[in-house]
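Just below is one structure, and these are the notes that go with it.
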Amino acid sequence: MFITGYAVMAGAAERLVLGYDSFGNICGRKNTPVKGAPLSGQDMTNKKYAFFLNSCSLEMQSLKISSVSLCVSSCPQEQLNSLEDLQSFARNNGSCLCVYSLNISSYTLNPKAAELCPTLPVPPSKSFPLFNRCVPQNPECYSKYASVLINMVNEMDVFHRILSGILAGRDTVIGLSFLALAFSVIMVLTFRFIRTLLVHTLIALVVFGLLFVSGVLWWLYYDYRNDPSTELETEKENVKFLLGYAIFSTVVTVVLLSLILVLRKRLQFTVQLFRIVGKAIGRIPFLLFQPLWTFLILIVFWVFWVAVLLSLGTAGTAQTTSGGQVEYRALSGISYMAWYHFVGLIWTSEFILACQQMTIAGAVVTCYFNRNKNSPPPHPVLSSISVLFCYHLGTAIKGSFLIAILRIPRIVLLYLYNILKQKESACAKCLFKCCFCCFWCQESCLRYFNQHAYTTTVINGTNFCTSAKDAVFIWANNSAKLASISCCGDFILFLGKVFVVCFTVFGGLMAFNYHRELQAWVVPLLLVGFFAYVMSHSFLSVFEVTADAMFLCFAIDMETNDGSAEKPYFVDQELLTFVSQSNKLTEGQKHRSMRPFQDNEDGTELQPMV
């Protein structure tokens, strides 16, 4: 909270993209006065462009352009040769090109007008849409202006360049997030009313999307690498990121294609599984609406997180110099606060998703352990939410924190890998890649067992550590019987998430590729991919959590009951038949007992929470 409050108070994210003048005013907004700067605090709502008085002979010293800059409402489209021309332009267009303290009527009368007005002749200029500057169109002036601007951008640190790219592409990021929402809703409807043809269509679209996105990434990398006009540091960073994205996308494509070939024979059972899961979801009112609330909460949090990040990047103190001008001095160590803020993004996002998973699991558990299947319990979702907030928030916090902790070493390894890549140490790079893959596998396994720990917590009401131990024990005893069913379903759901990410990232590639200049758009694209995955995971986790909760309840049901009149099963006949048929396919047996689990008299017995 301290970082948030400080960033909002000390930062001004608009300075990254919106133009600003030399007197402490940000163009395009109403400003507050700066002490010691009499020309600050002006209303620049209608003055959106920054104009340099000496645009043809700019010089840069310590990331500061030597020329005085003003906020103007429009840039001069034609060359202005005299003070009379400046005066006429101001009266006709309402755009004053001289210092604010000089009245329009005094342009030709004040003896200091030559110092307070732009150097004559004023070249024709055009507003540059990205940074809202008036860029001179005269070839000589443009060359000098572009050279200084390129040097200024290249001397900015990576953190500020990334922030500039995020703020410049904020509208595109928001639009792509809603595109990911649309794709996620399509996937939910697909799995809710799934058929065999739909599964084959989904797999075909995922394969096409993976191959297409990988091809586009390699094409963009080749195009950027062979572009002779690549001078900006942001463009060079885009090339490096594109190569990394292309390699990662290619590896993921090869791995997923291999898994699809291996699991293709179990597609029919996967379709049957989702039909059963769909029926279970249909018996729980409003369960499919749960991701919508999660989506709204995530959107609010992400907007808030990006706003604080941008404020952190512009946090600084205003200092008045000679002539009433204002300089902003960036605070040291601010980038370290940004890393802390990034960990908060991962932890809080995972916590929100964990709350959704526990809500869904609670509703499924309540309905599963209900004897009368024709009369489901009233309001299972609301009941699950109330239990979560009253008893199990600590479990969600612990589980999400463990995932965030495991991601930190991956981030450190990526940073060290980028350093070693410059030194071209092949052995070290190979070692870091292996470590990165290990941490990724550990995170995937932890996420999987976290989900079962959440379900066990809902069933037994125990704390996170006890629930995790019990969940591992239950699945260790029954993994041979249920692992293949659960893994196939999770894999098809994962393909649905890949579908959402692929086509959202493709839309981002097309959108961001039109704004190459002065924009580190590859990092905003990475954010888009992250948002798309979290969003698709939020929606499709309804099916994933429902299936895993049903199978965990089934395993506990089989261990604590024997099907007799005294201890009847809670499971319905359709799920019992499906598990039996799936086990026959897996083990290759024609006849199998309807009690597929060995007796475990010493095992942990979990009872439904009342």
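With respect to Pro111, determine if the residue is over 13 Å from Glu84 (Cβ atoms) and assigned by the TED database to the domain that holds Phe89. Considered against the rule, which asks whether it is over 13 Å from Glu84 (Cβ atoms) and assigned by the TED database to the domain that holds Phe89, Pro111 comes out as yes. Within region 354-390, the set of residues being closer than 17 Å to Trp302 by Cβ and either over 20 Å from the mean Cα position of the chain (by Cα) or open to solvent by 10 Å² or more (accessible area, probe 1.4 Å) (or both) comprises just one member, Cys355.
A residue that is among the aromatic types (Phe, Trp, Tyr), out of contact with any Asp or Glu (no Cβ under 7 Å at 6 or more places or on another chain) and at pLDDT 60 or above can be found somewhere in region 570-585. The set of residues from region 64-79 being under 45 Å from the mean Cα position of the chain (by Cα) and outside any strand (DSSP E or B) comprises Ser66, Ser67, Val68, Ser73, Ser74, Cys75, Pro76, Gln77, Glu78. Residue count for region 238-255 satisfying the condition of being over 14 Å from Phe212 (Cα atoms) and surrounded by 14 or more Cβ atoms within 10 Å (Cβ to Cβ): 7.
Conditions (1) among the acidic types (Asp, Glu); (2) out of contact with any strand residue (DSSP E or B) (no Cβ under 6 Å at 6 or more places or on another chain); (3) at pLDDT 85 or above; (4) open to solvent by less than 20 Å² (accessible area, probe 1.4 Å), marked per residue:
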| residue | (1), (2), (3), (4) |
| --- | --- |
| Ala7 | no, yes, no, yes |
| Ala10 | no, yes, no, no |
| Leu18 | no, no, no, no |
| Phe23 | no, no, yes, yes |
| Lys47 | no, no, yes, no |
| Ser55 | no, no, no, yes |
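Among the residues making up region 80-121, a single one is of a type in the set (Val, Ile, Thr) and not in a loop (DSSP other than H, G, I, E, B): Ile104.
For region 280-311, filtering for residues that are in a loop (DSSP other than H, G, I, E, B) and aliphatic (A, V, I, L, M) leaves 3.
Quick grid of which residues meet (1) open to solvent by less than 60 Å² (accessible area, probe 1.4 Å); (2) not aliphatic (A, V, I, L, M):
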position	(1), (2)
Cys71	yes, yes
Gln79	no, yes
Asn92	no, yes
Cys96	yes, yes
Ser105	no, yes
Ala114	no, no
Pro121	no, yes
Ser127	yes, yes
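Before we move on, is Glu237 modelled with pLDDT under 75 and assigned to a helix (DSSP H, G or I)? Against the criterion (modelled with pLDDT under 75 and assigned to a helix (DSSP H, G or I)), Glu237 qualifies.
The residue pairs whose first member lies in region 443-456 and is open to solvent by less than 10 Å² (accessible area, probe 1.4 Å), whose second member is among the aliphatic types (A, V, I, L, M) and modelled with pLDDT under 75, and whose beta carbons are closer than 7 Å, counting only pairs six or more residues apart or on different chains, are Thr456/Leu606. Considering every residue within region 391-398, establish whether at least one is of a type in the set (D, E, K, R), in a helix (DSSP H, G or I) and open to solvent by 60 Å² or more (accessible area, probe 1.4 Å). Yes - at least one qualifying residue is present in region 391-398. In summary, Leu288 fulfils each of the numbered conditions (1) surrounded by 17 or more Cβ atoms within 10 Å (Cβ to Cβ); (2) at pLDDT below 80 with the single exception of condition (2).
The values are calculated or read from the model by the stated rules, or taken from the named source; none is laboratory data. This is a predicted model, so every value here is computed, not measured. Positions of Cβ are backbone-derived with ideal geometry, glycine not excepted, and every protein chain shown enters the neighbour counts. Ligands, DNA and RNA are stripped out before the accessible areas are found, and what is left, the full protein with its side chains, is counted by its heavy atoms. Shrake-Rupley method; radii C 1.70, N 1.55, O 1.52, S 1.80 Å.
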